[in-house]
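Written out below as structure tokens is the structure these notes cover.
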Amino acid sequence: MTRRVGIVGAGAAGVGAAYALATADADAEVTILEKSGGVGGRAATRRRRGCRYDHGANYVKNADGRTGALIPELGAEGLVDIEDPVWTFDADGEVSEGDEAENAPEKWTWTEGITQLGKRLLDRTDAEVRTRTRVETVAREGEGWTFSCVEGGEFGPFDAILLTPPAPQTAALLDMTHWDDDRLDDVRRAVDSVPYRTIETVVLHYPFREEFPWYGLVNADKDHEIGWLSREECKAGHVPEGESLFVAQMSPEWSAERYAEPVEEVAPAAAGLVAELLGDDRYRAPDWTDDQGWRLALPDEGVDEDAVRSTEDAGLYFAGDWVAGEGRVHRALWNGYDAGERIADGV
Ligand SMILES: Cc1cc2nc3c(=O)[nH]c(=O)nc-3n(C[C@H](O)[C@H](O)[C@H](O)COP(=O)(O)OP(=O)(O)OC[C@H]3O[C@@H](n4cnc5c(N)ncnc54)[C@H](O)[C@@H]3O)c2cc1C
């Protein structure tokens, strides 16, 4: 009998689950509901003025055997291995060469941006993806789960549902869940307790390009106002010749303080810090800028896994980087994939 599966969120975890259901050849009809206009979640790409930039996750690292096997399998065309290394800097802005072992595994994105990960995985499934569809309430009625959406639609009934929004958003959904079962309160409490940090991404474009020995700089002692700085021109297909585009991810403290400020205020402040770090005043004056505040950027801890697994026999599943315990694309992807396999097995 065909199992109906409803997934909330088309980030790495949600599409990973859909991919697992397709790979397992499960007799499942999969619907993904996504509140934004596209797929990928925090693995996000934007296009502007002839440039493309990954303003959330910068790349997927070849961190383990299964990631290393999967990514090339999704097609060599457009796959980018960022060969330049990541170096480090400290609170005083002292730049040092990065760790060779840290830099050894491939850092992957695509010429069309990191959203290709979600798109290519979904191409290998029959999942129906409904974008601009924000799930507002969840209900268990009779034998099935249903969703109602802010836009007015009702979806379901589903035999199994998988919730993948960041933990605080999943907790909010659980607040709006009608299910007469004692486990609901416990799971909601566990999900709600996952702490997050905020990151303000500032994009700085310059009409010139300089050579540097690094692709990215990471603040190793976590005591600088810039947490990460990288050059999108090191990714084929992202920045036209002769131009440069920096992605600056500001420290959690700086980001939390300035989260609500408009780009006209955060960009000059970030550009000043970048110019100081690079010791070059030209970087104070980008010719255009952009920003993205990621309020729920990264989970600082994982959820109590027993609590979120306790509802699976009732068809309620959870996945995401916060379930895996680390804010990394590959961790979210495989966490979703594993949940998809369990759904396929009907566990
Ligand atoms: C600035 C930044 C830099 C990062 N850099 C890296 C990096 O270089 N490498 C790396 O591996 N990782 C990086 N990460 C972490 C990585 O992006 C995440 O760990 C990963 O993408 C999380 O995937 P996910 O599927 O768990 O969640 P998400 O990507 O957040 O997906 C959840 C989805 O659910 C949707 N959603 C939420 N609520 C609802 C609702 N009510 N109804 C419908 N849809 C809903 C959201 O729109 C979203 O698309 C970075 C993250 C940030 C923010």
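When you restrict to C-alpha pairs under 8 Å that are six or more residues apart and normalise by the size of the chain, the relative contact order lands at 24 percent. Given a Förster distance of 51 Å, report the FRET efficiency between D123 and D280 from their Cβ-Cβ distance, rounded to the nearest 0.05. The pair D123/D280 has a calculated efficiency of 0.75. Simple spin-label estimate for D345 and R295 gives 3.7 nm between the two label positions (7 Å along the Cα-to-Cβ direction from each Cα). Seen from all directions on average, segment 272-347 presents a Cα convex hull projection of 7.5 nm². For the chain, a simple Cβ point-charge model (Lys and Arg +1, Asp and Glu -1, everything else neutral) yields a dipole of about 1080 debye relative to the Cα centre. Largest GNM mean-square fluctuation among E265, E326, E200, using the chain with Cα springs under 10 Å: E265.
Judged by the mean number of other Cβ atoms found within 10 Å, the most tightly packed of the peptides 55-62, 239-246 leads the ranking 55-62, 239-246. Fully extending the segment from S148 to E83, taken as 0.36 nm per residue of separation minus the present Cα-Cα distance, adds 18.9 nm. For segment 280-297, the Karplus equation 6.51 cos²θ - 1.76 cosθ + 1.60, evaluated at θ = phi - 60°, returns couplings of 8, 5, 4, 6, 6, 10, x, 7, 8, 9, 8, 8, 8, x, 9, 5, 9, 6 Hz by residue, with Gly and Pro reported as x.
Computed per residue of the chain from DSSP H runs no shorter than four, each worth -39500 (n - 2.57), the mean residue ellipticity at 222 nm is -8500 deg cm²/dmol. Expressed as a whole percent, the accessible surface of segment 215-327 that belongs to carbon and sulfur atoms is 44, based on a 1.4 Å probe.
Once you divide the Cα radius of gyration of the chain by 2.2 N^0.38 Å, the number left is 1.02. Amide H contacts of E200 (H built 1.01 Å from N, in plane; Pro and chain starts excluded): M250, S255, W294 sit under 5 Å, all sequence-distant by 5 or more or on other chains.
Considering only DSSP beta bridges where both residues belong to segment 154-274, give the percentage that are antiparallel (nearest 5).
Details: 14 of 14 bridges.
Looking only at bridges with both residues in segment 154-274, the antiparallel portion is about 100 percent.
In segment 1-147, the convex hull through the Cα atoms has an average projected area of 12.3 nm², a quarter of its surface area. Taking amide H positions as modeled 1.01 Å from N, with prolines and chain starts lacking one, the residues under 5 Å from E29 and 5 or more places away or on another chain are R3, R4, V5.
Backbone phi angles across segment 232-246, fed through the Karplus curve with coefficients 6.51, -1.76 and 1.60 (θ = phi - 60°), yield HN-Hα couplings of 5, 5, 6, 9, 3, x, 9, 9, x, 3, x, 10, 9, 9, 9 Hz in residue order; Gly and Pro are listed as x. Kirkwood radius for segment 135-186, taken over all pairs of different Cα atoms as the inverse mean of 1/r, rounds to 11.4 Å. The amide H of W288, built 1.01 Å from its N in the peptide plane, has H205 as neighbours under 5 Å, considering only residues 5 or more places off or on other chains.
Ignoring lysines fewer than eight residues from K61 along the same chain, the ones with Cα atoms less than 25 angstrom from its Cα are K107, K119, K222, K235.
Using Cβ point charges alone (K and R +1, D and E -1), the dipole size of segment 1-66 about the Cα centre works out to roughly 560 debye. Across segment 202-282, Cα pairs under 8 Å and at least six residues apart give a relative contact order of 33 percent.
Note: relative contact order over segment 48-140, using C-alpha pairs below 8 Å and six or more positions apart, is 33 percent.
Accessible surface computed residue by residue for the chain, with neighbouring protein chains in place and a 1.4 Å probe, gives 44 Å² per residue. Taking 0.36 nm per residue of separation and subtracting the Cα-Cα distance, full extension of the segment from S310 to D186 would add 43.7 nm. The modelled label-to-label distance for the pair M176/E136, using points 7 Å beyond Cα in the direction of Cβ, is 0.6 nm.
Between segment 182-234 and segment 274-347, the C-alpha centres lie 11 angstrom from each other. Each residue of segment 125-140 was assigned a 3J(HN,Hα) from its phi angle through the Karplus curve 6.51 cos²θ - 1.76 cosθ + 1.60 (θ = phi - 60°); the sequence is 10, 9, 4, 8, 10, 10, 7, 6, 10, 9, 6, 10, 9, 10, 9, 10 Hz, with glycine and proline shown as x. The stretch between D90 and E326, if pulled fully straight at 0.36 nm per residue, gains 82.6 nm over its current Cα-Cα span.
The values are calculated or read from the model by the stated rules, or taken from the named source; none is laboratory data. Treat the numbers as computed from the prediction; the structure is a model and nothing was measured. Glycine gets a Cβ as well: all are built from the backbone with ideal geometry, and neighbour counts include every protein chain shown. SASA here: full protein model, heavy atoms, side chains in, ligands and nucleic acids out. Shrake-Rupley method; radii C 1.70, N 1.55, O 1.52, S 1.80 Å.
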